[in-house]
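> The structure that follows is given in the form of structure tokens.
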Amino acid sequence: VQLQASGGGLVQAGGSLRLSCAASGRTFSTYVMGWFRQAPGMEREFVAVRWRSGSVFYSDSVKGRFTMSRDSAKNTVYLQMNSLKPDDTAVYYCAGSSRVTMSAIRSPSAYRNWGQGTQVTVSS
């Protein structure tokens, strides 16, 4: 499975961006996709994940501001980011795996497939 992320850019604080991640290759109903981000000098951190049931889980730092959705026909997931803050500045990665377990959904090491990353910069 290959993942292709897009949609990053430069935005002022309070603005919005929508990221996309298209999956190509064979994916199944068990395939879990999520979003992570990594700021300079920081570890990669969990942002959001869509579980097999369709439930979406968010990190506390983005809950209420970010929304993850999926278009099954296009095999694409989206991350709508509203009320952006300078602290949201990072490279955003989409990730996927058919083997991730619920207990590990927030761990980057649980995901096998990664997109190339897209830069999001929020100016104050």
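> Search region 18-38 for residues that are in a loop (DSSP other than H, G, I, E, B) and pair each with any residue that is crowded, with 18+ Cβ neighbours inside 10 Å when their beta-carbon atoms are under 7 Å apart and the residues are at least 6 apart or on different chains.
Hits for this filter: Tyr31/Gly96.
> Next question, about the same structure. Here are some residues: Phe57, Phe46, Phe36. Which one is of a type outside the set (D, E, K, R), touching a helix residue (DSSP H, G or I) at 6+ places or on another chain (Cβ under 7 Å) and modelled with pLDDT of 95 or more?
Working: Phe57 fails: touching a helix residue (DSSP H, G or I) at 6+ places or on another chain (Cβ under 7 Å); Phe46 fails: touching a helix residue (DSSP H, G or I) at 6+ places or on another chain (Cβ under 7 Å).
Checking each option against the conditions leaves just Phe36.
> Out of all the residues in region 50-63, which are open to solvent by less than 60 Å² (accessible area, probe 1.4 Å), of a type in the set (A, V, I, L, M, F, W, C) and in contact (Cβ under 8 Å) with a residue 40 or more places away in the chain?
Trp51
> Here are the criteria: (1) in contact with a Cys (Cβ under 8 Å, 6 or more places away or on another chain); (2) modelled with pLDDT under 95; (3) of a type outside the set (A, V, I, L, M). Tell me which single one Ser72 does not satisfy.
With (1) in contact with a Cys (Cβ under 8 Å, 6 or more places away or on another chain); (2) modelled with pLDDT under 95; (3) of a type outside the set (A, V, I, L, M) applied to Ser72, the lone miss is (1).
> Filtering region 78-98 down to residues that are small (Gly, Ala, Ser) and open to solvent by 40 Å² or more (accessible area, probe 1.4 Å), which residue is modelled with the highest pLDDT? Steps first, please.
Initial filter on region 78-98 (small (Gly, Ala, Ser)): 83, 90, 95-98.
Then keep just the ones that are open to solvent by 40 Å² or more (accessible area, probe 1.4 Å); that gives 83, 98.
Values: Ser83: 98, Ser98: 93.
Across region 78-98, the extreme among qualifying residues is Ser83.
> Can you name every residue in region 17-49 that is open to solvent by 30 Å² or more (accessible area, probe 1.4 Å), out of contact with any Ser or Thr (no Cβ under 8 Å at 6 or more places or on another chain) and not hydrophobic (A, V, I, L, M, F, W, C)?
Arg18, Ser24, Gly25, Arg26, Ser29, Gln38, Pro40, Gly41, Glu43, Arg44
> Could you check how many residues of region 9-25 are over 14 Å from Met68 (Cβ atoms) and among the hydroxyl-bearing types (Ser, Thr, Tyr)?
Number of matching residues: 2.
The values are calculated or read from the model by the stated rules, or taken from the named source; none is laboratory data. Treat the numbers as computed from the prediction; the structure is a model and nothing was measured. We place every Cβ from the backbone using ideal geometry, glycine too, and count neighbours over all the protein chains shown. The accessibility values were calculated without ligands, DNA or RNA, using every heavy atom of the protein model including side chains. Shrake-Rupley method; radii C 1.70, N 1.55, O 1.52, S 1.80 Å.
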